[in-house]
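Reviewing the structure listed below.
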Amino acid sequence: MMKIKNLTKAMLILGCLVSTQTLAKTIIKLGHYNSDLHPSHIVLQEHFKKIVEEKTNHRYEIRIFPNNQLGGEDQVLNGLRNGTIEMGITGCLLQNVDPIFGVWEWPYLFKDNLEAKKVFDSPVAQEIGQKMEKYGIKLLSFGMNGFRVISSNKKVEKFDDFKGLRLRVPLNSLFVDWANSMHINPQSMPLSEVFTALEQKVIDGQENPYMLVKDSGLYEVQKYIIETNHIFTPGLLQMSLKTWNKIPKEDQAIFLEAAKVYTDKEWELAIKYEQEVKDFFRKNAKQIIVPSDEFKADMLKGVEGMYQNLYNKYDWAKDVVQKINDAK
């Protein structure tokens, strides 16, 4: 009789433990648009996921969905805002709601990757990031997608060569304004249509970070890479504020710790991968054209009017750009 009672008691305790673990485990879906070979995905799997799960004793399970598996960038952003997607990586798409979130993509804002990293680690980046909470998003990290470069079937070696270049740009007025300031003929279209448009010679070229040019196969129908580095595109690791507010403070600290590791590892790997992509292009007979000092000066001069228009349009713009320059 005593053995039966002890066995029953042990089973009840075991049942309670299993039930508690089941109830306590929280699934975090994390969607992004990069491939499973992109540095952001690799670091999410090898570091962010591992740190969160292990340090919370597996109270959380991070499920990562690359390649737009949870929807396109706009769908992920909307999911974050309304709480149907717990975490995600997007670019600066929230600028469609508030233009201040697009400041990172203003032309020629950064000199190189290290300068960009320094600014994104600075108070001005945190200040702007905190403003995202007003729109239902908790920003955890600024990752690196990289500087955008031009791939083209037309050789561009000086500023005047931009004239008449039929260049695909995203469906974003900022990119159209930049292209116009370069005397480029901008063609706005979804990324999914670009390969065919290049193949059929509807357009001469497109612009994107090195890593995307390779991962999407666009280089296969392009001859030249012009390293204009005209716009830097960050990848923002975000959590829905609805999800964040449900997480206990001690667990929030673990997510922030994991995000810090993610930031450092992702930038390190992305910079390394970017160089590997350049080497890959050269081995595959793609000519990389690095603009001369004169060419660079002409590009900077070309956007002076664009910046003046932005300063006139947004009363915060000049002050924010000054803070960014001070943080370099």
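Bear in mind that the values in this text are calculations on the coordinates, not laboratory data. All values reported here derive from a predicted model rather than from experimental measurement. In this analysis, Cβ positions are derived from the backbone assuming ideal geometry, glycine residues included, and neighbour counts consider all displayed protein chains.
So what's the convex hull volume per residue for the Cα atoms of region 86-196, in Å³?
Hull volume over Cα atoms, normalised by residue count, gives 125 Å³.
Where in the chain are the helices, taken as whole DSSP H runs, whose Cα atoms extend 15 angstrom or more along the long axis and whose Kyte-Doolittle mean reaches at least -0.5?
2-24
Do any of K201/K301; K50/K246; K163/K318; K50/K138; K246/K313 go past 28 Å between their Cα atoms, and which?
From the list (K201/K301; K50/K246; K163/K318; K50/K138; K246/K313), the Cα-Cα distance tops 28 Å for K201/K301; K163/K318; K246/K313.
Can you give the relative contact order of region 26-326 as a percent, counting alpha carbon pairs under 8 Å and 6+ residues apart?
Details: 500 pairs, mean separation 75.1, N = 301.
Relative CO of region 26-326 lands at 25 percent.
P(r) tail for region 170-328, what percent of Cα pairs lie past 19 Å?
Result for the distance tail: 69 percent.
Length gain on complete extension for the stretch E54 to K201, per 0.36 nm per residue less the alpha carbon to alpha carbon distance?
Taking 0.36 nm per residue and subtracting the Cα distance, the gain is 47.8 nm.
Between region 35-62 and region 126-170, what is the separation of their alpha carbon centroids in Å?
The two parts, judged by their Cα centres, are 26 Å apart.
State, to one decimal in nm, how far the label point of I288 lies from the label point of Q45, with both points 7 Å from Cα in the Cβ direction.
Here the answer is 2.5 nm between the modelled labels.
In region 161-223, what is the volume of the convex hull around the alpha carbon atoms, normalised per residue and reported in Å³?
81
Per-residue ellipticity at 222 nm for the chain, helices alone: DSSP H runs ≥ 4 residues times -39500 (n - 2.57), over residue total, nearest 500 deg cm²/dmol?
Mean residue ellipticity at 222 nm (helix-derived): -14000 deg cm²/dmol.
Less than 13 Å apart at the alpha-carbon level, and either on another chain or at least 8 residues along: which aspartates and glutamates does that give for K260?
D121, E268
Stick to Cα atoms and the Kirkwood definition of Rh, then tell me Rg/Rh for the chain.
1.07
Once a ≥ b ≥ c are taken as the square roots of the eigenvalues of the Cα gyration tensor of region 203-290, is the result rounded (a/c under 1.5), prolate (a/b larger than b/c) or oblate (a/b not larger than b/c)?
prolate
Grab the beta carbon distance between S122 and K249, set R0 = 22 Å, and tell me the FRET efficiency rounded to 0.05.
It comes to 0.30.
Given springs between every Cα pair under 10 Å in a Gaussian network model of the chain, which of P39, P99, P248 has the largest fluctuation?
Highest fluctuation among the options: P248.
In a Debye calculation with equal point scatterers on the alpha-carbon sites of region 82-140 and no solvent, what is log10 I(q)/I(0) at q = 0.28 Å⁻¹?
Taking Cα atoms of region 82-140 as identical point scatterers yields -1.37.
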